[in-house]
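Engineer: Take a look at this one; I'll ask things after.
The values are calculated or read from the model by the stated rules, or taken from the named source; none is laboratory data. Everything numeric here is computed off the predicted structure, so don't read it as measured data. Positions of Cβ are generated from backbone atoms using ideal geometry, with glycine treated the same way; all protein chains shown enter the neighbour counts. In case anyone asks, the SASA skips ligands and DNA or RNA and just uses the protein heavy atoms, side chains included. Shrake-Rupley method; radii C 1.70, N 1.55, O 1.52, S 1.80 Å.
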Amino acid sequence: MTYRSFLSALVSSASIVCAPSLSSAQDTSKPDPVKAEEGERIYGDYCQTCHGDNLVSNGQTFDLRRLKPEERKRFETSVQNGKGQMPPWRGVIDDDQMDKIWNFIMTRRS
């Protein structure tokens, strides 16, 4: 292998490894209405008590309608690890449920 072909292969490999992937945490696509409907039910089971009916907070908790599509990672981290007065939900709400709640929230954004 020549030095030039080695460099070419190295650059190609680096671009594949370093290329950003579109993970769920970065997903800015439109909400899935089926997932959103299921997410509304899950939200009602776990989130509604503190975050309010139809995401309308009483002002003492974060207004989830303010979340932007690009803030999904922030949302997931807060749900899993808790934040402030919010307890951690890791091990209670799984990734699929969190995805459905996210889709519900994205349909109600302000």
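Engineer: Within the range 68-104, which residues are open to solvent by less than 30 Å² (accessible area, probe 1.4 Å) and either touching a Gly at 6+ places or on another chain (Cβ under 7 Å) or within 15 Å of GLN48 (Cα to Cα) (or both)?
Structural biologist: VAL79, ILE93, MET98, ILE101, TRP102, ASN103, PHE104
Engineer: Answer yes or no: is there a residue in the range 42-62 that is loosely packed, with under 15 Cβ neighbours inside 10 Å, of a type outside the set (S, T, N, Q) and closer than 12 Å to ARG109 by Cβ.
Structural biologist: The answer is no, given that none of the residues of the range 42-62 is loosely packed, with under 15 Cβ neighbours inside 10 Å, of a type outside the set (S, T, N, Q) and closer than 12 Å to ARG109 by Cβ.
Engineer: A follow-up question, please. Applying the selection to the range 29-41, what residues are open to solvent by 30 Å² or more (accessible area, probe 1.4 Å) and part of a helix (DSSP H, G or I)?
Structural biologist: PRO33, VAL34, LYS35, GLU37, GLU38, GLU40, ARG41
Engineer: Which numbered condition trips up ALA19, out of (1) surrounded by 13 or more Cβ atoms within 10 Å (Cβ to Cβ); (2) among the aliphatic types (A, V, I, L, M); (3) modelled with pLDDT under 90?
Structural biologist: Failing condition for ALA19: (1).
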